[in-house]
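Structure record follows, encoded as structure tokens.
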Amino acid sequence: MAENALPLLDNRGARKLFLHRHLLGEPPKGSGKGADLAGLVRDLGFVQVDSVNTLARAHDMILYARRPAYRPGNLAPLIERDRLLFEHWTHDAAILPTEFLPHIRHRFQRDANQMRARWPRWQGSAFLEELRKVKDHVAQHGEVCSADLKSEEATKSTGWWDWHPSKAALEFLWRSGELAVSRRQGFRKYYDLSDRVLGPQTEQVPLEESLDWLNNAALERLGFATRGEIAAFWDIATPKESRAWCQAELQAGRLIEAEVECDKGRRRVYLRPGTLESTVTLPDPPKRIRVLSPFDPALRDRKRAERLFGFHYRIEIFVPAPKRSYGYYVFPLLEGDRLVGRIDMKANRESGTLDIARLWPEEGVRFGAGRIARLEAELIRVARFAGLDRLHWGPDWLAASQP
């Protein structure tokens with residue numbers, strides 16, 4: 001090693017560490033409910049929520065991939081009854097542990113400041129008065145959904161969403177922390193005053209302390225990361241704040257710099273002392289094939305996943321069908337420490353079947369009899385999870401190659 005050269009984390013070790021930190025490095029097991037489920041969300045940091053439901057909701061797929069015993073009905077009691085989890089925003093809508101709230105609350109004011117500058121221009125000059133009216137209504141009448149408050153619809157495209165003013169007000173008050181999501185019915189959100197949902201928030205954690213917690217918690221869950229990746233994890237600390245934190249931790253000896261070997265080239269990252277050595281004793285990820293949600297934490301940062309696994313993935317929901325490379329909503333397939341393919345499938349509720357349209361192996365991956373048998377076993381489990389009876393394979397389900 002040349003003088004002053006940084007230590008190297010090879011690609012195989014990086015993939016293994018990455019998967020263990022994203023709780024995909026061990027055989028999937030656990031009750032998937034109660035304290036076990038709350039602990040899973042805490043260890044992940046958050047679970048993204050998305051409305052697409054071609055097979056199951058994103059958050060349900062994320063949790064199922066790590067807890068095969070998990071069922072969608074296991075989550076609501078932790079949010080709506082026990083209040084161990086709550087719904088808010090990271091880089092997108094997400095479910096988070098309520099114990100994190102004192103640190104997450106710093107986002108509320110930051111978002112409120114940004115929205116107060118932008119949203120009145122979007123919703124009109126009377127928007128701030130609409131905020132007051134909506135909050136007063138919730139305070140007097142209790143939880144509401146947007147349909148309860150619906151007023152005159154937007155008359156022209158805004159370039160955002162054509163929300164009526166009260167819907168926009170609910171979202172503003174939620175993002176700024178004055179309201180909280182009390183429950184969902186189907187996928188419709190109901191809002192109430194934050195104090196009534198999450199309890200009075202009297203603890204005021206200084207920003208500096210929260211920034212230390214946020215950056216540290218992000219790195220703990222990533223294993224290794226650049227300053228930008230640390231900031232983007234919660235999307236609360238700014239890149240400048242994460243850069244200053246990394247520099248201070250580096251000077252204090254609590255961080256080291258290293259290079260990680262990517263699918264192509266190398267990348268400079270930060271990690272904790274001892275992390276490199278720990279990869280040697282980490283067990284290999286299980287060979288069981290697992291279906292991942294497109295919004296799985298391991299894939300949330302598409303570029304990071306591509307650097308590590310050489311797996312290029314983009315959602316094609318908004319791509320016209322003739323221009324799609326793969327399909328409307330395609331699920332990545334994880335086997336061991338490799339992403340081995342992607343599969344286009346959806347639930348057919350009328351026939352009770354999981355309809356498999358197409359499977360694309362990754363370059364250099366062959367789906368022979370053994371791998372197909374492992375895939376079929378997993379798809380049978382996924383179908384059962386989704387409340388389906390059997391598999392239905394399309395006539396041309398195995399693609400000869402990638403597009």
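The values are calculated or read from the model by the stated rules, or taken from the named source; none is laboratory data. Keep in mind that what you see is a predicted model, and the values were worked out from it rather than measured. Neighbour counts run over all protein chains shown; Cβ positions are idealised from the backbone, glycine included. Accessible surface areas use protein heavy atoms only, side chains included; no ligands, DNA or RNA. Shrake-Rupley method; radii C 1.70, N 1.55, O 1.52, S 1.80 Å.
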Inset, instruction - Provide the per residue accessible area, probe 1.4 Å, for the chain, rounded to a whole number of square angstrom. - result: 48 Å²
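With a Förster radius of 30 Å, plug the Cβ-Cβ distance of Arg42 and Asp396 into 1/(1 + (r/R0)^6) and report the FRET value to the nearest 0.05.
0.10
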Legend entry - Cα-based convex hull volume of the stretch 256-403 per residue, rounded to whole Å³: 144 Å³
Legend entry - Cβ charges +1 (Lys, Arg) and -1 (Asp, Glu), total dipole of the stretch 1-107, debye: 220 debye
Inset, instruction - Counting only chymotrypsin sites (Phe, Trp or Tyr not before Pro) that are in a DSSP loop and have at most 12 other C-beta atoms within 10 Å, tell me the longest site-free stretch of the chain. - result: 1-159
Legend entry - Across Lys33/Lys135; Lys287/Lys323; Lys189/Lys287; Lys240/Lys264, pairs whose alpha-carbon gap is larger than 30 Å: Lys33/Lys135; Lys287/Lys323; Lys189/Lys287
Inset, instruction - Give me the accessible area of Asp235, 1.4 Å probe, in Å² rounded to the nearest 10. - result: 70 Å²
Legend entry - Rg/Rh ratio calculated on Cα atoms of the stretch 215-262 (Kirkwood radius): 0.94
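Based only on Cα atoms, what Rg/Rh ratio does the stretch 10-95 have, Rh being taken as Kirkwood's radius?
My calculation puts Rg/Rh at 0.99.
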Inset, instruction - Would you be so kind as to identify which of Ala258, Trp234, Pro273 lies farthest towards the positive end of the dipole of the stretch 231-324, taking Lys and Arg as +1 and Asp and Glu as -1 on Cβ and the Cα centre as origin? - result: Trp234
Inset, instruction - When you have a sec, figure out the Kirkwood radius of the stretch 224-327 from all distinct Cα pair distances and drop it here in Å to one decimal? - result: 16.3 Å
Inset, instruction - Between Arg374 and Arg188, with labels modelled 7 Å along Cα→Cβ, what's the label distance in nm to one decimal, could you check? - result: 4.5 nm
Inset, instruction - Find the relative contact order for the stretch 3-87 and round it to a whole percent, using C-alpha pairs within less than 8 Å whose residues are 6+ positions apart. - result: 28 percent
Legend entry - Per-bin percent of Cα-Cα distances, the stretch 166-239 [5 Å]: 3, 14, 16, 15, 16, 17, 14, 4, 0
Inset, instruction - Compare the Cα positions of Ala373, Asn11, Leu55 along the charge dipole of the chain (+1 at Cβ of Lys, Arg; -1 at Cβ of Asp, Glu; about the Cα centre) and return the one farthest towards the positive end. - result: Ala373
Legend entry - Solution diffusion estimate, µm²/s, Stokes-Einstein, the chain, Kirkwood Rh from C-alpha pairs, 25 °C, viscosity 0.890 mPa s: 106 µm²/s
Legend entry - Mean separation of Cα contacts under 8 Å, 6 or more apart, over the residue count of the chain: relative contact order %: 17 percent
Legend entry - Cα centre as origin, Lys/Arg/Asp/Glu Cβ charges: the stretch 268-403 dipole, Debye: 300 debye
Inset, instruction - Could you please state, rounded to a whole Å, how far the C-alpha centre of the stretch 389-403 is from the C-alpha centre of the stretch 230-287? - result: 39 Å
Legend entry - the stretch 52-151: relative contact order as a whole-number percent, Cα under 8 Å and 6+ apart: 9 percent
Inset, instruction - Would you mind getting the Kirkwood hydrodynamic radius of the stretch 317-403 from its Cα pairs, rounded to one decimal in Å? - result: 13.6 Å
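Please report, in debye to the nearest 20, how large the charge dipole of the chain is about its Cα centre when each Lys and Arg carries +1 at its beta carbon and each Asp and Glu carries -1 there.
720 debye
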Inset, instruction - Using only Cα atoms, locate the centre of the stretch 89-111 and the centre of the stretch 1-54, then give the distance between them in Å, rounded to an integer. - result: 20 Å
Legend entry - Length gained when the stretch Gln247-Arg302 is fully extended (0.36 nm per residue, less Cα-Cα span): 17.2 nm
Legend entry - Cα-based equivalent ellipsoid, the stretch 314-365: semi-axes from gyration tensor eigenvalues, Å: 21, 17, 9
Legend entry - Chain lengthening between Ala69 and Glu363 when straightened (0.36 nm per residue, less Cα-Cα): 102.6 nm
Inset, instruction - Of the options Asn74, Leu398, Ala139, report the single residue whose Cα projects farthest towards the positive end of the charge dipole of the chain (beta-carbon charges: Lys, Arg +1; Asp, Glu -1). - result: Leu398
Legend entry - Distance-filtered residues of the stretch 185-201 - backbone nitrogen under 18 Å, label point 7 angstrom along Arg83 Cα→Cβ: 190-201
Inset, instruction - At 7 Å along the Cα-to-beta-carbon direction for both Asn348 and Asp212, put a label point, then send me their distance in nm to one decimal. - result: 5.9 nm
